[in-house]
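The values are calculated or read from the model by the stated rules, or taken from the named source; none is laboratory data. Given the structure is predicted, the values throughout are model-derived calculations rather than measurements. Positions of Cβ are backbone-derived with ideal geometry, glycine not excepted, and every protein chain shown enters the neighbour counts.
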Amino acid sequence: MSSTRFFHKSLGSKRNTSIDFIHEPGKGPNPIPLIISHGWPWTFWHWSKVIGPLTDPAAYGGDPADAFDVYVPSLPGFGFSTPLDKPDLNFGKIADIFHKFMTQTLGHQKYAASGSDYGALITGQLGHKYANSLYGIHLGHAILLNIFQGERPWDLTNGFMVPEGTPDDIRDGILKFQRTYVSHVAVHMLDSAPLSYGLNDSPVGLLAWIMTRWLKWGDTNGDIESKYTKDEILTMASIYWFSNSIEMTIRMYTNANRYPCSLPMIGPRSSKHLPGLPSLRRRILQALLQRIVFKRSSVVLMQRGTTQPILKLMRQEDTSQDGRIRKPLSKIYEEPLRNLESPEFKGRHFLMLPFFCFLVGAS
């Protein structure tokens with residue numbers, strides 16, 4: 001990344017926010033501005049390995065026409081985008097800050113956005129609130145924007161048990177998902193301050209709390225150094241330690257509940273719940289929603305037999321004249337949908353939420 005540049009910008013608004021970010025210009029005829037948002041406990045530096053292929057696709061065997069002008073900020077309150085003058089930041093307010101950053105501070109009339117984990121919430125909110133200023137959004141994985149709302153925002157299961165009759169392999173998968181993700185959400189929601197004091201006081205404690213998430217969430221098979229070098233682990237943890245930012249980053253969870261954003265409503269019953277979607281796209285989404293038998297966090301359990309009617313609606317969408325999609329829906333999703341109907345799935349099966357986000361976000 002020889003041309004990568006590091007910047008620190010003050011946005012100079014009522015909210016005295018400064019953004020620390022990487023910028024690497026794209027190498028192509030017309031690079032698209034792209035802002036990439038990280039999550040927790042990640043940092044801007046986690047995106048460093050994808051900057052090259054995104055900005056200079058020709059160097060990696062791609063087409064220069066696909067180049068992006070890449071901006072990778074530290075989320076406000078994370079790393080070097082500190083300190084904050086107010087303690088109320090959440091993903092909705094960060095989306096507002098990033099939109100202002102891309103359009104007013106940097107002067108882009110339109111841009112693209114990508115994000116994963118907490119960054120997926122930011123990116124999803126950008127797509128809903130500022131759709132007219134976006135070429136599109138990409139989510140590393142999908143999280144419902146109301147995930148931290150309701151009476152049990154600290155409980156990813158929302159108090160529900162796995163349905164009776166669920167096959168053992170699927171039940172085991174759901175329980176593994178819960179054991180992997182629920183603990184930090186519950187503590188961050190209910191006891192963020194006591195935890196933060198301890199982590200701020202102990203670099204070993206901070207490293208242990210962060211590294212446990214990387215070990216569980218990464219494709220490590222129990223060996224963290226199979227995916228991350230010691231230098232990478234210490235670099236990422238040091239960004240949290242030396243910026244003294246762990247408390248604010250943990251507070252982002254409870255702030256999502258304490259200061260809720262205005263969110264779009266999506267329901268299977270009425271088209272009024274799906275504003276702005278083309279009619280065929282709306283019918284596809286409604287058909288999917290009507291086949292849901294279990295939904296918690298980012299896992300959806302669907303009725304068997306979903307694939308064929310959905311693909312049929314997609315093929316109608318492919319031939320429609322709305323001109324708002326570059327690639328046919330059926331070509332993108334036919335293989336993963338058919339995989340869900342393979343013999344190894346018995347009874348009911350999983351369908352992950354990125355599918356829903358594409359249908360809603362690409363309208």
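Which one is farthest from the chain's Cα centre (by Cα), of the residues in region 156-177 that are in a loop (DSSP other than H, G, I, E, B) and small (Gly, Ala, Ser)? First the steps, then the outcome.
We begin by selecting, within region 156-177, every residue in a loop (DSSP other than H, G, I, E, B); these are 156-167.
Narrowing the set further to residues that are small (Gly, Ala, Ser) leaves 159, 165.
Numbers: 159: 24, 165: 31 Å.
Taking the candidates together, the pick is 165.
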Of (1) under 26 Å from residue 30 (Cβ atoms); (2) of a type in the set (A, V, I, L, M, F, W, C); (3) not in a helix (DSSP H, G or I), residue 126 fails just (3)
Just checking, how many residues over region 34-84 are within 24 Å of residue 127 (Cα to Cα), in a loop (DSSP other than H, G, I, E, B) and under 20 Å from the mean Cα position of the chain (by Cα)? 12
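Let's see how each residue does on (1) closer than 20 Å to residue 194 by Cβ; (2) of a type in the set (Lys, Arg); (3) surrounded by fewer than 15 Cβ atoms within 10 Å (Cβ to Cβ); (4) modelled with pLDDT under 90:
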residue: 218; (1), (2), (3), (4): no, no, yes, yes
residue: 221; (1), (2), (3), (4): no, no, yes, yes
residue: 230; (1), (2), (3), (4): no, yes, yes, no
residue: 237; (1), (2), (3), (4): no, no, no, no
residue: 244; (1), (2), (3), (4): yes, no, yes, no
residue: 249; (1), (2), (3), (4): yes, no, no, no
residue: 255; (1), (2), (3), (4): yes, no, no, no
Could you say which residue among 87, 153 is at pLDDT below 90, outside any helix (DSSP H, G or I) and buried (at least 21 other Cβ atoms within 10 Å of the Cβ)? 153
Members of region 115-124 found to be out of contact with any Phe, Trp or Tyr (no Cβ under 6 Å at 6 or more places or on another chain) and either surrounded by 23 or more Cβ atoms within 10 Å (Cβ to Cβ) or at positive phi (or both), listed by number: 115, 117, 119, 120, 123, 124
Is it fair to say residue 103 is within 20 Å of residue 19 (Cα to Cα) and either crowded, with 16+ Cβ neighbours inside 10 Å or out of contact with any Gly (no Cβ under 8 Å at 6 or more places or on another chain) (or both)? yes
